[in-house]
Amino acid sequence: MVAECRSTWLRTSNVRVTVGGFLSGSSRDEEACLAECLSNSACVFVDYAPSSQRCYVHTDANDLSQLTTDTDFQQYILVRRCAASDRKYA
């Protein structure tokens, strides 16, 4: 039996990055924001604001050096990416 692969995220509350990334026009909830990142092979993390449903997709890990405190945001760093056929959200 093959173990189910789950994409793994490192979640940090109350922080976001102040540079880089792009605002996703289609991600309106947390699950959609994470799915948007998984659909972009260059994505390394997202900043998501639940109150405004804004999702910023980041493709440069160096952006993480520009963290700032923001109680509106949750940050999700993609630790492990699974193949699309195995994709489940953890």
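Within region 8-34, residues that are over 11 Å from VAL57 (Cα atoms) have Cβ atoms under 7 Å from residues that are basic (Lys, Arg) and in a strand (DSSP E or B) in these pairs: THR8/ARG80, counting only partners at least 6 apart in sequence or on another chain.
Residue check: is ALA32 in a helix (DSSP H, G or I), surrounded by fewer than 16 Cβ atoms within 10 Å (Cβ to Cβ) and either at pLDDT 90 or above or not hydroxyl-bearing (Ser, Thr, Tyr) (or both)? So ALA32 fits the description; yes. Here ARG16 fits the description: out of contact with any helix residue (DSSP H, G or I) (no Cβ under 9 Å at 6 or more places or on another chain), at pLDDT 95 or above, surrounded by 11 or more Cβ atoms within 10 Å (Cβ to Cβ) and of a type in the set (D, E, K, R).
The values are calculated or read from the model by the stated rules, or taken from the named source; none is laboratory data. The structure displayed is predicted, hence computed values, not measured ones. Using ideal geometry, Cβ is built from the backbone for each residue, glycine included, and neighbour counts are taken over all protein chains shown.
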